[in-house]
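For reference, the structure is listed below as structure tokens.
The values are calculated or read from the model by the stated rules, or taken from the named source; none is laboratory data. This one's a predicted model, so the numbers in the text were calculated from it and none came from an experiment. Positions of Cβ are backbone-derived with ideal geometry, glycine not excepted, and every protein chain shown enters the neighbour counts.
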């Protein structure tokens with residue numbers, strides 16, 4: 001791949017190393033609006049749960065009674081890990097995003113801090129359906145897959161109008177069973193220049209009752225390829241990142257399609273989650289998490305730490321998930337690292353408690 005293409009891949013994956021400052025930088029909560037105090041304590045501590053992964057992504061909390069565990073992808077390791085507060089870290093699923101054997105020609109590439117090539121080959125986004133089954137965006141298999149209770153896998157979607165997806169990335173489920181997911185070029189060696197590419201655009205899709213519907217994407221606006229995706233707590237709005245510079249918001253219609261696009265935030269790139277008050281959490285600028293009100297006011301920023309050791313860790317926030325029995329712990333995947341921090345608010349996620357009167361704009 002040419003240098004520019006490698007740069008773009010690395011940036012979109014949230015792991016561009018030379019964008020990081022050269023020195024040590026601590027975790028910091030930056031308050032931009034007094035309303036942030038109702039969301040997170042100013043002295044909340046970021047806890048490191050793991051620090052030797054390839055490229056972490058797509059976390060989801062799985063609740064069982066008063067207990068539970070976090071599942072998250074290692075995109076470079078082609079595995080899904082299980083983290084539990086009561087058990088050692090373990091591999092939950094191998095070959096999570098690529099089940100083939102032609103490793104020499106599979107997966108897009110990014111680079112580590114030392115310029116070493118890393119394959120983006122594993123799963124990316126994860127969610128749960130109403131029966132608690134894991135739904136996986138198997139990026140390099142270029143499909144959306146359901147993991148059955150007996151361990152077998154069911155392909156839910158891998159084509160649109162007879163053409164293979166480029167590389168499903170992020171995913172969110174609606175309470176009626178509908179799934180929304182983004183499709184990017186990072187499922188193929190060579191990315192947008194891959195000879196295996198069939199869809200000439202990146203899009204975001206609705207998967208409902210076995211039918212795939214294209215909702216939007218960069219077909220008519222090159223550079224606005226979708227990545228992160230999330231629903232408001234009342235499921236009336238869908239948030240989708242569009243390229244590197246903006247996040248869009250859509251009205252969700254009764255048939256689960258969308259309409260009335262509007263720019264919600266002048267920031268995009270990767271993962272998005274929401275809390276029960278309608279606040280939006282975005283992994284932007286690589287090493288920051290922005291917290292934005294439902295009205296679009298940037299309330300504050302969680303600045304990820306940077307550690308001045310060699311080889312330099314790639315601590316770059318890629319995605320988020322709320323978890324624990326009360327839904328008030330924010331888990332963050334950050335390439336080589338996995339973090340958590342306690343919040344004052346309850347988040348939105350499959351299986352988490354839902355509050356009445358959840359706010360939206």
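For this structure, a couple of remarks:
- Any hit, segment 244-258, residues being closer than 21 Å to residue 329 by Cα and at pLDDT 95 or above: no
- Residue match in segment 194-202 (condition: modelled with pLDDT under 95 and touching a helix residue (DSSP H, G or I) at 6+ places or on another chain (Cβ under 8 Å)): no
- Total residues in segment 208-227, condition assigned to a loop (DSSP other than H, G, I, E, B) and exposed (fewer than 15 other Cβ atoms within 10 Å of the Cβ): 7
- Any chance residue 199 is within 28 Å of residue 293 (Cβ to Cβ) and touching a residue at least 12 places away in the same chain (Cβ under 8 Å): no
- Sole exception among (1) within 26 Å of residue 238 (Cα to Cα); (2) surrounded by 13 or more Cβ atoms within 10 Å (Cβ to Cβ); (3) at pLDDT 95 or above for residue 186, by number: (3)
- Screening residue 151 with (1) in contact with a strand residue (DSSP E or B) (Cβ under 6 Å, 6 or more places away or on another chain); (2) within 21 Å of residue 350 (Cα to Cα); (3) surrounded by fewer than 20 Cβ atoms within 10 Å (Cβ to Cβ) gives one miss only, at (1).
- Every pair of residues 6+ apart whose Cβ atoms lie under 7 Å, when the first sits in segment 246-271 and is exposed (fewer than 11 other Cβ atoms within 10 Å of the Cβ) while the second is part of a loop (DSSP other than H, G, I, E, B) and modelled with pLDDT of 95 or more: 259/253
- Odd one out for residue 344, checked against (1) in contact with a helix residue (DSSP H, G or I) (Cβ under 7 Å, 6 or more places away or on another chain); (2) within 27 Å of residue 38 (Cβ to Cβ); (3) buried (at least 19 other Cβ atoms within 10 Å of the Cβ): (3)
- When the strands (runs of 3 or more DSSP E) confined to segment 38-146 are screened for residues that are surrounded by fewer than 17 Cβ atoms within 10 Å (Cβ to Cβ), those reaching at least 3 such residues are found at 47-50, 87-94.
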